[in-house]
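Reading through the structure tokens given below for one structure.
Nothing in this text is a laboratory measurement; each read-out follows from the coordinates by a stated rule. Owing to the predicted nature of the structure, the values given are computational and were not obtained by experimental measurement.
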Amino acid sequence: DTARYWLSPRDASDAIVSCIGLGIDQLPRHISICGRRGWTMKQTYTEFKSLHHRWKQGKSGQFQSEDLSVNELPIRIQPFTGSMPSRPNLQPLHTLLLKVRSDGWRPYVPLRTMLMEVIASIEKL
């Protein structure tokens, strides 16, 4: 039930290209990158399963009304224990990206969009 901080390949490549634009002399040897919000495998699978079902319904053209309803994102409530769930330190990346863009490190692609892109790429195989 450990949180995973999923990140779209588009957000990762955008950050890498932005960092490269700074010049090699300004880059640290190691930069951690990940998404900002943690998702458990169960939450991720639930989202994937729901989106894959919609994908199949869309291909067949046979939607049911419940297939078109908007499901809320699963919200994981955790009691505060004095420490946050483990996630790589994004401050160095954020500080570095502030030199080239006003919002620093900010992933733009939501998990649902990323999962739909994964489903579409799998379907192409």
For the stretch 98-114, 3J(HN,Hα) per residue [Karplus equation, 6.51 cos²θ - 1.76 cosθ + 1.60, θ = phi - 60°, Hz, x = Gly/Pro]:
4, 6, 10, 8, 5, 9, x, 8, 8, x, 9, 8, x, 4, 4, 5, 4
Given H placed on each backbone N at 1.01 Å, which residues far from Arg4 in sequence or on other chains put an amide H within less than 5 Å of it?
Trp39, Thr40
